[in-house]
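Report on the structure given below.
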Amino acid sequence: MGPTPRAARALVLLAGFYLLGLFLLAALAAADWAAAVHTPGPFALKVFIVSAVLALPIVRGMFMLRTPPYEDVPGVQVDEGREPRLWQTVRDIAQQIGTRAPDEILLTGDVNAAVSEDSRLLGLAGGTRRLRIGLPLMTGLSESGLRAVLAHEMGHYGNADTRLAAISERGRVHVLRTVAHFEERAGAKVSKERARQEKKAAAAVAKGRKAKEVDTTGTGVTYRAMARLYTAYGKFYLRATLSGSRRAEFAADVAAARIAGRDATSSALREIPVIDAAHDFYLNCYATLGVDAGLLPPPGEFLGGFRHLLAARHEELDALRGELPTEPVSPYDSHPPIAERVARIEALPDDGRASDPVRPSLSLLADADRSFAAVEETVLTPAALGLRRLDWPELVHAAMSVQTERSAQRFGALALGTAGGEDTSPRGTDGGDGTPGHGADARPGADADRTSRPEADPEGDGAGAATLGALLDAIDAGALWRIAERLPRSAEAAAAHGRAAREFARPQLRAGLSQLVSAAYLRQGRARWQLSWAESAALELPYGHVDELPAALEAAVADRPDTGPLRALLEPVAAPETSAPAQAPAPGPTA
């Protein structure tokens with residue numbers, strides 16, 4: 001379907017929204033006329049009021065809403081003087097597509113590339129064109145892969161997709177906002193009715209009478225009915241425009257294959273979901289690892305550190321490349337499934353242009369490190385930008401030390417019966433889930449309180465050592481299995497007795513005790529968390545303790561507990577034998 005038929009269909013669908021509104025207004029007017037003619041009096045007045053209340057959201061949806069302006073995405077706009085190679089590449093591709101190049105290029109911090117256009121007159125006239133390129137996407141793509149992505153985006157310009165989007169977007173926004181108006185009014189009416197009934201029930205109880213149960217089942221039913229009508233049309237609207245949007249994506253893929261080559265386009269499509277999954281993992285387990293401890297990686301490394309992960313985990317990523325998503329993100333996703341797009345591209349005849357995976361696309365930037373640092377300034381929250389910056393090895397050690405101490409304190413407080421056990425499941429020394437740990441989200445929209453520097457933990461140092469000592473003393477006094485009863489248990493474990501109950505509890509006791517011991521090693525400066533980009537962070541213990549500690553822990557939680565081996569390992573020494581002295585750049589209970 002060419003631009004003209006697509007534009008005509010979009011206009012018809014948009015007109016359908018207004019026709020639905022006119023039909024509903026006519027129906028309300030007919031109800032008013034019938035009430036005035038056949039049932040004059042109070043009932044007719046009530047019908048008039050209801051009609052007026054229902055008509056207001058319809059009129060607002062038809063005439064008082066405008067399509068939202070261009071979305072302001074965090075990023076750095078770069079001109080041709082700053083990034084000449086990137087601009088030249090984009091211009092060359094636009095020329096090969098046969099379309100006008102974008103007027104602006106914005107480097108962003110997400111795994112995405114997108115184009116937009118400030119079209120006018122419902123897309124009949126073009127406007128300012130913008131191209132957004134995510135630095136994480138560039139980090140994971142080769143130069144040939146990025147050329148394929150850029151050719152895909154320029155293909156959207158060439159097919160007038162960005163201009164026609166104005167029509168479709170207006171209809172979608174109008175429908176959704178009208179539905180929201182009706183839902184909001186229904187919710188307000190329900191809340192008002194609930195408050196009235198609760199007040200009445202409270203008055204009845206105060207007088208010694210039995211209060212009626214609050215029931216708002218029929219409240220706001222007319223609003224919800226109107227909302228359902230517009231929701232039904234909205235679903236029809238989205239389905240009707242969905243096929244066109246997906247065909248536009250296929251057409252843009254074909255344009256990319258024509259310009260960048262079949263293999264390069266297929267490779268880029270395969271790579272994008274892998275980069276997206278790897279970037280989510282990187283943000284959760286590396287970039288934000290130290291946020292709760294008041295720490296971030298060095299400037300530019302919050303985004304730029306993604307390069308280290310991709311380089312170290314290429315074997316894991318190779319496995320992901322063979323698992324292409326076969327379903328769209330949602331039933332109303334404008335993009336077809338990646339697997340279907342790849343299949344269509346790979347079905348094209350071989351054009352003899354093999355994909356070149358060697359040269360990274362970041363080489364198109366004049367200074368990648370500077371770009372990472374600049375974009376980072378726009379991506380992070382002001383609170384996050386004020387956090388202390390540490391190099392990766394120091395960051396991992398400091399952040400994991402704080403996490404270990406807090407987890408140990410939670411287990412100790414629960415085991416000794418001094419706390420309610422909030423977040424009590426003890427984690428292993430690898431972060432509990434096979435990752436170096438999880439940090440808070442320091443990106444826009446995240447809770448600013450999570451990015452503030454925490455105060456020094458009042459349970460640290462001496463208190464932590466006292467907790468471990470008290471627990472070992474309790475075990476020596478024969479209280480191990482009473483301690484086990486304080487820990488959270490599954491229904492099966494709670495129903496077990498005797499030896500079966502001990503076997504259920506033993507792993508949890510051992511893991512919690514291991515956390516307390518790890519925290520003790522860290523406070524003594526005899527252990528250190530080691531950064532690894534290829535696997536989970538590992539706790540480096542004093543020489544020989546890696547082999548001796550498991551047996552000591554097993555002895556402490558045996559049927560006949562013996563804490564002697566564990567106490568011997570925890571005896572401080574004059575100087576660590578092999579491990580580097582622990583440093584505590586972050587506030588918290590490390591020594």
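The values are calculated or read from the model by the stated rules, or taken from the named source; none is laboratory data. Note that the coordinates shown come from a computational prediction; the quantities given were computed from them, not determined experimentally. Here the Cβ is made from the backbone with ideal geometry for all residues, glycine too, and neighbour counts use every protein chain on show. Surface areas here come from the heavy atoms of the whole protein model, side chains and all, with no ligands, DNA or RNA. Shrake-Rupley method; radii C 1.70, N 1.55, O 1.52, S 1.80 Å.
Observations
- Amide H to amide H, with H built 1.01 Å from N, Arg389 comes under 5 Å of Leu296, counting only residues 5 or more places away or on other chains.
- Close amide-amide hydrogen proximity is noted between Arg526 and Ala582, each under 5 Å apart and 5 or more residues distant or on a separate chain (H modeled in the peptide plane; Pro and chain starts excluded).
- These residues, Ser51, Ser267, go from largest to smallest accessible area, 1.4 Å probe, as Ser267, Ser51.
- The gain in end-to-end length when the Asp473 to Val205 segment is fully stretched comes to 91.1 nm, 0.36 nm per residue minus the alpha carbon separation.
- Among the listed pairs Lys46/Lys199; Lys46/Lys235; Lys189/Lys210; Lys46/Lys200; Lys46/Lys192; Lys46/Lys207, those beyond 30 Å (Cα-Cα): Lys46/Lys235; Lys46/Lys207
- Estimated from the Cβ-Cβ distance and a Förster radius of 60 angstrom, the FRET efficiency linking Arg510 and Ala31 is about 0.25.
- Cα centre as origin, Lys/Arg/Asp/Glu Cβ charges: the range 241-378 dipole, Debye: 460 debye
- Packing-based ranking of 28-36, 106-114 yields 106-114, 28-36, ordered from highest to lowest mean Cβ neighbour count within 10 Å.
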